[in-house]
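Taking it in order: structure first as structure tokens, then the write-up.
Values quoted throughout were computed directly from the atomic coordinates according to the rules given, and no laboratory measurement underlies them. Note that the structure is predicted; figures quoted are calculated from it, not measured. Cβ placement follows ideal geometry from the backbone for every residue including glycine, while neighbour counts extend to all protein chains displayed.
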Amino acid sequence: PNPTGRLVLETTHGPIDIQLFCKECPTTCRTFLQLCLDGYFTDMIWHRCLDNFLIQTGLTRDETMTGNPVEDMEGYLKRSSAVPAKLALSGDGGLGWDRKKFELNPRIRFNHRGQVAMALPLDDGKNGGNVSSEEAAEKALLRYQFFVTLDEAPFLDAKHVIFGTVSGPTIFNALRIGRTDVDEGSGVPIDLRGAPPRIKNVKIDHHPFQDLVVTSDKSIPWKRALKGSGKGGDRKDAEQSAIEKRRKKRKGKRDLNVLSFGDEERDYEEIVGKNDKSGDPNKKGSKNTSIQSSHDVLANESEVISPEVDVSVKKRV
């Protein structure tokens with residue numbers, strides 16, 4: 001199907017251009033766009049990076065790996081423009097978690113890389129209500145997470161709602177995120193406290209939902225939490241200092257192995273090191289390591305040539 005919306009994720013690894021299927025997945029796209037409008041995904045870490053499979057985000061902005069309280073998120077979304085007025089009085093407050101299964105489309109499948117889907121799996125009815133409180137809480141946090149596939153994944157068909165797809169060469173930026181060094185078991189980036197892959201910002205280009213508006217900051221739970229704790233600024237300062245340390249480490253350190261002629265340069269430095277390092281061309285017996293003219297070279301050589309050579313030359317003449 002033809003996409004009817006577009007946004008760009010500005011990440012630490014470059015932009016990721018996403019085309020949205022707003023017509024086929026209206027409820028999912030409305031919720032996703034509302035979260036983007038209100039800055040939910042700004043500074044979010046790609047907390048699950050599995051090379052050649054998927055990258056996932058929407059859980060955390062720091063190393064604690066804890067999301068916002070589900071009750072706060074539910075209340076915020078119900079009061080936001082994500083819920084159309086005509087659905088506000090429905091059973092789940094108009095969020096439509098029970099309607100997501102109707103947004104599966106046989107024409108949109110995990111048959112190629114770059115498919116964007118919500119992390120919350122569709123309830124197939126097999127488990128019924130036999131779910132522990134911990135499982136229920138974990139499942140609730142998945143409502144605000146999404147993932148991007150890095151390869152075809154047909155085994156996910158009919159299990160997750162695909163609401164968008166990555167377009168153009170920006171898929172390679174997603175693939176780069178997938179190659180992040182991670183814990184093999186969980187897929188969590190190893191450098192979680194330093195400079196993990198993040199979404200820096202979200203730029204919305206267009207969508208068909210004209211009634212979507214930005215929510216007031218005082219009604220947004222994560223902004224209240226960040227403002228109260230002051231962690232936002234501290235995290236950015238820590239991340240910046242980590243990056244600066246890496247730059248300073250690299251600066252001034254010459255890696256000769258990068259160049260094919262590194263051995264020749266190393267040999268040259270060894271030869272120069274054997275000479276007198278005073279570099280004074282007027283001092284007898286010293287070697288000047290700076291660039292010299294041919295006249296200076298001949299002059300220096302004439303000082304060390306034996307005078308007997310001149311005598312032998314004169315006799316021949």
Check R48: other-chain or 5+ apart residues with amide H under 5 Å from its amide H, H built from backbone geometry? Q56
For a quick protection proxy, order the peptides 77-83, 181-187, 105-111, 162-168 by their average other-Cβ count within 10 Å, most packed first. 162-168, 77-83, 105-111, 181-187
Starting from the amide H of Q115, placed 1.01 Å from N in the peptide plane, find each other amide H under 5 Å away whose residue is 5 or more places distant or on another chain. T149, V166
Contour minus Cα-Cα distance for H112 and N2 (0.36 nm per residue): 38.0 nm
Quick check: pseudo-label points 7 Å beyond the Cα along Cα→Cβ at E134 and V213, how many nm apart are they? 4.4
Sorted by packing (mean other beta-carbon atoms within 10 Å per residue), highest first, where do 206-219, 133-146 land? 133-146, 206-219
